[in-house]
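Bear in mind that the values in this text are calculations on the coordinates, not laboratory data. Not measured: the values here are computed from a predicted model. Cβ: placed from backbone, ideal geometry, glycine included. Neighbour counts: every protein chain shown.
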C-alpha cells in the first residue's frame, strides 16, 4: 500500500478542514461563514473519533459474572479508550447549541439591517 492509500482518511480530514476554513474566511455571507465553521468543526470531530479507534480492541465493559478477581487480568491495551468519543459527543452538543445561537444572531442582524452580507452590515454600522 502506498502512503496515500494508507493515510487516505487523514487526507480526507485535511480536505474537509480546508473547505470549512475557506468557507469561514472567504465568504461574506454570514450564513455561509457559519456553514464553513460547522464543516470545520465536523472535520475535527471526525478526526478525533477516528484516532480513538484501535484495531482488534474491544469495548471496555466487563462481562457479567466477573467480580473483582478478574480486574488484575485486564490489560488496557486490549480496550478502546472511550474518552475521545465521549468528549466529541460533548463537542457535538455544544456545537449544535452554538449554531442555534449563531443562527438566532444572524436572524436578528437581518431584521435590524436587512441583509446578512458582512460588508453591507459593517457599512451600515459605520454610516450610523
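Grab the DSSP H runs of the chain that are 4 residues or longer, score each as -39,500 (n - 2.57), total them, divide by all residues and round the 222 nm result to the nearest 500 deg cm²/dmol.
Working: 5 runs with 86 residues, N = 128.
Computed ellipticity for the chain at 222 nm equals -22500 deg cm²/dmol.
Against the longest principal axis of the chain, how steep is helix 118-127, in degrees 0 to 90 to the nearest 10, with axes from Cα atoms?
Between helix and principal axis, roughly 40 degrees.
Suppose each label sits 7 Å from its Cα in the direction of the beta carbon; what would the residue 126-residue 4 distance come out to in nanometres?
Here the modelled spin labels are 4.5 nm apart.
List the relative contact order of the chain as a percent without decimals, with contacts defined as Cα pairs under 8 Å and 6+ residues apart.
Answer for the chain is 25 percent.
Extending each Cα 7 Å along its Cβ direction at residue 29 and residue 86, get the distance between those two points in nm, one decimal.
Result for the modelled spin labels: 4.1 nm.
Mind ranking 22-34, 103-115 by how tightly packed they are, going by the mean number of other C-beta atoms within 10 angstrom, highest first?
Those peptides, ordered most packed to least, come out 22-34, 103-115.
For the chain, what value does the Rg/Rh ratio take when both radii are computed over Cα atoms and Rh is the Kirkwood radius, given to two decimals?
For the chain, the value is 1.21.
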